[in-house]
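A.B. asks: The structure follows.
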Amino acid sequence: MKNVSVLGCTGSIGTQTLDVIRKNNDLKAVALAAGNNVQLMEKQVREFMPHYVCMASKEAMEDLKCRMADISGIEYGYGVEGLIQAAVLEKADIVVTAVVGMMGIVPTIEAIKAKKDIALANKETLVTAGHIIMKLAGEMGVKILPVDSEHSAIFQCLNGERGNKIHKILLTASGGPFRGRTIEQMKDIQVEDALKHPNWAMGRKITIDSSTMVNKGLEVMEARWLFGVELSQVQVVVQPQSIIHSMVEFEDGAVMAQLGTPDMRLPIQYALYYPERRVLDTPRLDFYKLKQITFEEPDMVNFRGLKLAYDAAGRGGNVPTMYNAANELAVQMFLDRKIKYLDIIDIIEQTMTNIEYIDNPDVEQILATEAAVYEYIRGRIG
């Protein structure tokens, strides 16, 4: 039996993780942590009967406790401290970090210190604190198992190749719903338009990020840390069908690719059972129907969020945190209809030049940078 703690259990990755657990009787959800979706959390707790439950706020936690009054033996927590407790729960063997945003950093660090393996779905953790996370994981002998489909694909391509030198990582992108459009054609995009991803069913924030190509920029930065390569070795390739999830080119010119239908349960299950593969009821590729897979160069002029990611990673220090935090707030403002779609990238670009640079930030400085970014944007936008 493998015991799993799921941070972000009511989100897209969290619910799909629970679906994998539901279908495998040797997996047990021992801790569940969510935001404020009490109604869904109650259903999950009643089904999976975890030992520990965490909500974002005290009010949500008290509401959940009242709803669960007929069930005993469950411990409750809330806020950051509750999230940390879920991450370090003694019974847990592996922690799925599926919370959205930089709130995932501290619980991930504490889970690593507690020697829990990490199924990483929170890319912001490595984008902003990769220099801390990967070093600590190595010291503690903890596995960082990627859940993002692209990074899982790279991880799978590297199996059995650990002694061979990577020449290049080919990180694939669908191009999102606005692939091929110009800036002029995107000026009037509404929230509903940006939430229509052509291939993947994801949460609202990551769907917007995919439409701007910022998500791919974050994945570039994450890949650099996960696989110990230089920024120049990570190349983005647009693959509109989302069949090839990513590739690795080795120094002899051989290219390994991982293919599959767009189903996040595959990388989730692979991370939970690594190195074993299990049966999964996912649709299978039919190459007779597929007929072709196409590739394109990414458009970094009309989708300059991707170029800004390379710039942020190249400058290093706390600039990736500026990039990430500015995007988090700008996307939320767009979803709240307070800014226009193209303002998202403008805000990121302006923020990256207006926050104090720190060369080798610790966790406190990373979180302080996030706060400074939020203060700057709110002061500028209102």
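A.B. asks: Look at VAL229 and say whether it is under 13 Å from SER174 (Cα atoms) and either assigned by TED's automatic domain parsing to the domain that holds ILE133 or aliphatic (A, V, I, L, M) (or both).
C.D. replies: no
A.B. asks: Just to be sure before I move on: is PHE303 buried (at least 20 other Cβ atoms within 10 Å of the Cβ) and either within 30 Å of ASP19 (Cβ to Cβ) or more than 22 Å from the chain's Cα centre (by Cα) (or both) in the structure I sent?
C.D. replies: Judged against the criteria, PHE303 is not a match.
A.B. asks: Which number in (1) surrounded by fewer than 23 Cβ atoms within 10 Å (Cβ to Cβ); (2) touching a strand residue (DSSP E or B) at 6+ places or on another chain (Cβ under 7 Å) marks the one condition that ALA86 misses?
C.D. replies: Exception for ALA86: condition (1).
A.B. asks: Ok, one more. Could you look through the stretch 1-11, keep only residues that are assigned to a strand (DSSP E or B) and among the hydrophobic types (A, V, I, L, M, F, W, C), and pick out the one that is surrounded by the most Cβ atoms within 10 Å (Cβ to Cβ)?
C.D. replies: By that ranking, first place goes to VAL6.
A.B. asks: Ok, one more. Collect the residues in the stretch 147-183 that are charged (D, E, K, R) and surrounded by 21 or more Cβ atoms within 10 Å (Cβ to Cβ), keeping them in residue-number order.
C.D. replies: Result: ASP148, GLU150.
A.B. asks: Can you name every residue in the stretch 102-134 that is at pLDDT below 95 and more than 18 Å from LEU226 (Cα to Cα)?
C.D. replies: Answer for the stretch 102-134, where residues must be at pLDDT below 95 and more than 18 Å from LEU226 (Cα to Cα): just MET103.
A.B. asks: Also, quick follow-up: Just to be sure before I move on: is MET322 surrounded by 15 or more Cβ atoms within 10 Å (Cβ to Cβ) and either in a loop (DSSP other than H, G, I, E, B) or at pLDDT below 95 (or both) in the structure I sent?
C.D. replies: no
A.B. asks: Suppose we filter GLU349, GLU328, GLU375, GLU364 for residues that are under 26 Å from GLU192 (Cβ atoms), in a helix (DSSP H, G or I) and over 21 Å from the mean Cα position of the chain (by Cα); which single one remains?
C.D. replies: GLU349 is the lone residue from the list that is under 26 Å from GLU192 (Cβ atoms), in a helix (DSSP H, G or I) and over 21 Å from the mean Cα position of the chain (by Cα).
A.B. asks: Only one of (1) crowded, with 21+ Cβ neighbours inside 10 Å; (2) in contact with a helix residue (DSSP H, G or I) (Cβ under 7 Å, 6 or more places away or on another chain) is not met by VAL106, so which one is it?
C.D. replies: Exception for VAL106: condition (1).
A.B. asks: Among the candidates THR294, THR282, single out the residue that is β-branched (Val, Ile, Thr), assigned to a loop (DSSP other than H, G, I, E, B) and over 23 Å from the mean Cα position of the chain (by Cα).
C.D. replies: THR294
A.B. asks: So, one more: What are the residues in the stretch 351-370 that are more than 23 Å from LEU136 (Cβ to Cβ) and surrounded by fewer than 19 Cβ atoms within 10 Å (Cβ to Cβ), if any?
C.D. replies: Passing the criteria: THR353, ASN354, GLU356, TYR357.
A.B. asks: Assuming ASP311 fulfils every condition listed in (1) at negative phi; (2) outside any helix (DSSP H, G or I); (3) under 21 Å from the mean Cα position of the chain (by Cα); (4) not hydroxyl-bearing (Ser, Thr, Tyr) apart from one, which condition is it?
C.D. replies: (2)
The values are calculated or read from the model by the stated rules, or taken from the named source; none is laboratory data. Predicted, not measured: the structure shown is a model, and the values here were computed from it. Glycine gets a Cβ as well: all are built from the backbone with ideal geometry, and neighbour counts include every protein chain shown.
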